[in-house]
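Everything on this sheet refers to the single structure shown next.
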Amino acid sequence: MMNSFADSFRGVSDVKAMIVHRNADELADAVAQRIAVLAADAIAMRGVFRVVLAGGQTPRGYYRRLPDMPVDWNNVHVYFSDERCLPLGDAQRNDSMVQQALLDRIDLPFRNIHAIHAELGARLAAADYAARLAHAMPFDLVLLGMGEDGHTASLFPGNPAMQLTDVAVPVYGAPKLPAERVSLGINTLNAARNKLFAVTGAGKSEALWRIARGDQLPAAMVKMAEWHVELAALTDAQIERSA
């Protein structure tokens, strides 16, 4: 049944690939190696690697492995998929997590870090980020996660931000606190040269099943993405439902 579910997911329109890993450590190793390969390719072709970093728990694993990868950090520029409208330096901000898990451990020039100024509030911060990204797109790689409800970045099911076409969008009324956020828009995510989801934890199985059935959750709206999924995220109950 595992192969049946994976094949069903891979068969969904506009899914580039689904790779199932035995555990979160194996997934983190594979994703870190994939990032290093894409970085080397982009730098060889264009002289720069522009990558959008994800927030959440799952990315911590591969962020912690990246300092050991052969990456030319001087030619890497990092951006953020979304940010919570909290004071600068707040521990719950995505840029705080990324700083601790990755940026403090690599020699990345400060000028190459392009944070979202979410402390300005969602509307102003989204407009500011959109203006600052004008020179950067299309991104070489967008790293993404998926919540139990199928959200990605800070694009939540049913939220009006999903309908906005701006480069970066203000998000209000998010079901998870803080309710006010900034996110890259769905069109911006789709414009990237490469999109990579990393999904861990049994709580994600319902959303994966729904995507395999064709439900248009926010994560499913990111087209031609490469999905790296931990085996635990595919529970027997959900696999049976997909059969």
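Protection proxy ranking, highest mean first, for peptides 125-135, 165-175: 165-175, 125-135, where packing is the per-residue count of other beta-carbon atoms within 10 Å, averaged.
The string of couplings for the stretch 195-210 from the Karplus curve (6.51, -1.76, 1.60, θ = phi - 60°) is 10, 9, 9, 10, 10, 10, x, 5, x, 8, 5, 4, 5, 4, 4, 5 Hz, one whole number per residue in order, with x for Gly and Pro. Annotation: amide H of M137 has no partner in the under-5 Å range at sequence separation 5 or more or interchain, hydrogens built in the peptide plane. Computed over the chain, the alpha-carbon pair-distance distribution with 10 angstrom bins reads 8, 34, 37, 19, 2, each value a whole percent. Annotation: peptides 54-62, 138-146, ranked by per-residue average of other Cβ atoms within 10 Å with the highest first, follow the order 138-146, 54-62. On the basis of the beta-carbon distance and an R0 of 45 Å, F110 and A202 show a calculated FRET efficiency of 0.70. Overall size of the stretch 80-158 from C-alpha positions, given as principal axis extents largest first: 39, 29, 27 Å. Under 5 Å from the amide H of G185 lie the amide H atoms of A168, V169, each residue being 5 or more positions distant or on a separate chain, with H modelled from the backbone and absent for Pro and chain starts.
Backbone geometry of the stretch 72-86 corresponds, through the Karplus equation with coefficients 6.51, -1.76 and 1.60 at θ = phi - 60°, to 3J(HN,Hα) couplings of 7, 5, 4, 10, 10, 10, 10, 10, 10, 6, 6, 8, 8, 7, 10 Hz, x marking Gly and Pro. Mean residue ellipticity, 222 nm, helices only, the chain: the sum of -39500 (n - 2.57) across DSSP H runs of n ≥ 4, divided by residue count and rounded to 500, is -9500 deg cm²/dmol.
Throughout, read-outs are computed from the coordinates displayed, never taken from laboratory work. Remember, it's a predicted structure, so these values are computed and weren't measured experimentally. Backbone-built Cβ (ideal geometry, glycine too); neighbour counts: all protein chains shown.
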